[in-house]
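Input: a single structure, listed below in structure tokens.
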Amino acid sequence: MTALVGEAAAADETASLKGGRMAAEKALAAIDPIAYAASRNHLDGAVTRLSPYLRHGILSLDEVRNHALASVADPRQAEKFIQELAWRDYWQRIYLVHPDRIWNDVESYKTGFEASEYDSELPADAVDGRTGVACIDQFIAMLYETGYLHNHARMYLAAYVVHWRRVRWQAGAVWFLEHLLDADPASNNLSWQWVASTFSKKPYIFNLDNVAKYTGHDINTRMADNRVLALSYERLGELLFPNLEPAHG
Amino acid sequence: MADLIWLHEGALRRTHPVFAAAAPGTAAIFVWDRARFAAGHVGARRQLFIAETLAELEIEIHEGDAAVLLPQLVAAHGANRLLVPASPDPAIIGQIATIRQAMPQVAVEQVEDTAFVTLPREPDLARFFRYWNKARKSALRPHGV
């Protein structure tokens with residue numbers, strides 16, 4: 001029951017993400033860069049949910065940064081928060097200079113597989129949120145119900161789709177674009193590429209321990225309900241990327 | 001010089017520099033472009049979010065292909081300059097090019113948003129931290145200067 005109440009409260013909080021400058025200013029007034037730096041990795045951390053307002057230019061990066069700096073005694077206290085703003089500036093610069101990178105692989109996959117070995121469509125069970133992996137299905141439900149996902153949940157879903165289900169990142173990117181309130185082709189697609197390893201040195205993967213570390217009681221992290229995630233990184237690497245040489249050292 | 005502002009879904013606020021670049025009292029227009037939304041995978045929830053934002057902005061809203069409608073709207077407003085918030089979106093950039101071709105006598109100008117950082121030269125975008133190492137100092141200063 002507690003978990004259900006928690007889920008409802010989280011959904012309500014996000015459901016209150018309304019469009020408009022007034023709602024944006026209210027969200028901006030509530031940010032706490034110091035708490036953000038300390039807890040942002042956790043699903044129940046002090047994340048700001050400003051991204052839909054930034055995506056649509058309702059707030060500018062400049063004014064959000066200025067507000068953050070004004071709320072701390074030393075600029076370094078807001079550095080982690082401002083660095084996250086900088087990610088958006090970075091993605092937008094790539095979008096302008098290299099628009100071809102938004103839908104094409106920037107680099108080859110570093111997974112031991114060719115792009116042609118990945119499916120081009122999302123599996124139906126993922127679209128339906130019925131993969132049978134409990135935490136993954138909960139994240140998919142959150143995506144559909146709220147139009148918002150914590151960054152870790154986005155990375156977990158992206159990694160699951162690309163590496164566990166071996167689906168091209170482009171299919172997942174479209175899925176997120178259609179459902180996220182802050183959907184931005186540059187931030188979204190290049191982040192998918194980062195997870196896939198077509199825009200990073202290695203594929204991003206996670207395991208159940210990691211999910212349990214960063215999520216609260218609302219997320220089902222029981223081993224019996226998440227078997228395919230309940231493995232060591234070494235074992236996952238062997239299973240997901242069998243063509244790669246094992247890492248040494 | 002009579003101006004007209006075309007606001008798109010990447011710049012939905014009245015404090016955007018595009019308003020300061022225009023003559024005082026210049027009308028702003030949003031075109032609800034279903035084809036561009038569909039091509040950009042803009043889902044129903046985002047469309048509602050954009051609609052809520054537009055309701056608060058109290059600007060003219062028209063429905064159709066922005067590249068087709070804007071030359072007509074510029075003429076209807078008697079404008080000879082169209083101001084557009086700068087966007088990296090190739091779909092919007094393409095529509096601006098089409099509009100320019102359709103009305104070569106009208107100036108179409110893109111107005112950049114307030115800068116986040118000030119950099120002496122274009123940064124290396126190969127990886128985020130190469131960019132961040134150059135941008136950090138500016139990013140941690142008010143107004144990025």
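Here, each number is a calculation from the coordinates, and none is a lab measurement. The shown structure was predicted, so the numbers you read here are calculated from the model rather than taken from an experiment. Please note: Cβ atoms are built from the backbone with ideal geometry, for glycine as well, and neighbour counts cover all protein chains shown.
Please give the charge dipole size of the protein assembly as shown, origin at the Cα centre, charges +1 on K and R Cβ atoms and -1 on D and E Cβ atoms. Round to the nearest 20 debye. Here the size comes out at about 960 debye. Reducing the stretch B:89-104 and the stretch A:102-168 to their Cα centroids gives an inter-centroid distance of 35 Å. Each peptide in A:149-155, B:119-125, A:204-210 was scored by the mean count of other Cβ atoms within 10 Å over its residues; highest first, the order is A:149-155, A:204-210, B:119-125. Is the stretch A:115-249 rounded, prolate or oblate when judged by the Cα gyration tensor, a ≥ b ≥ c being the square roots of its eigenvalues, rounded requiring a/c under 1.5 and prolate requiring a/b larger than b/c? Oblate, since a/c reaches 1.5 and b/c is not below a/b.
Computed over the alpha carbons of the protein assembly as shown, Rg followed by Dmax gives 22.0, 71 Å.
Hey, how much of the P(r) for chain B falls beyond 20 Å, as a percent of Cα pairs? Counting pairs separated by more than 20 Å, the tail of P(r) holds 54 percent. Across the stretch B:79-145, C-alpha contacts under 8 Å between residues 6 or more apart give a mean separation that, scaled by the residue count, equals a relative contact order of 31 percent.
Only helices enter this figure: runs of n ≥ 4 DSSP H residues, each worth -39500 (n - 2.57), summed and divided by the residues of the protein assembly as shown, yield -14000 deg cm²/dmol at 222 nm to the nearest 500. Peptides B:63-70, B:100-107 ranked from most to least packed give B:63-70, B:100-107, packing being the mean of other C-beta atoms within 10 angstrom over each peptide's residues. Compared with the rule-of-thumb size 2.2 N^0.38 Å for a compact globular protein, the stretch B:39-84 has a Cα radius of gyration ratio of 1.38. Between the helical axis of A:79-97 and the longest alpha-carbon principal axis of chain A there is an angle of about 70 degrees. Pairs A:Lys201/B:Lys134; A:Lys110/B:Lys134; A:Lys26/A:Lys80; A:Lys80/A:Lys213: which are spaced more than 26 Å apart, C-alpha to C-alpha? Over 26 Å apart, Cα to Cα: A:Lys110/B:Lys134. Shielding by partners for peptide B:48-56, expressed as the average number of C-beta atoms from other protein chains within 10 Å of each residue's C-beta, is 6. The magnitude of the dipole of the stretch B:1-69, with charges of +1 and -1 set on the Cβ of Lys/Arg and Asp/Glu and taken from the Cα centre, is near 240 debye.
Taken residue by residue and averaged, Cβ atoms of other chains lying within 10 Å of the Cβ of A:75-83 number 3.
Mind checking A:17-28 for the average number of partner chain beta-carbons within 10 Å of each residue's beta-carbon?
That works out to 4 on average.
For the stretch A:59-145, the square roots a ≥ b ≥ c of the C-alpha gyration tensor eigenvalues yield an a/c of 1.5 or more together with a/b not exceeding b/c, which makes the shape oblate.
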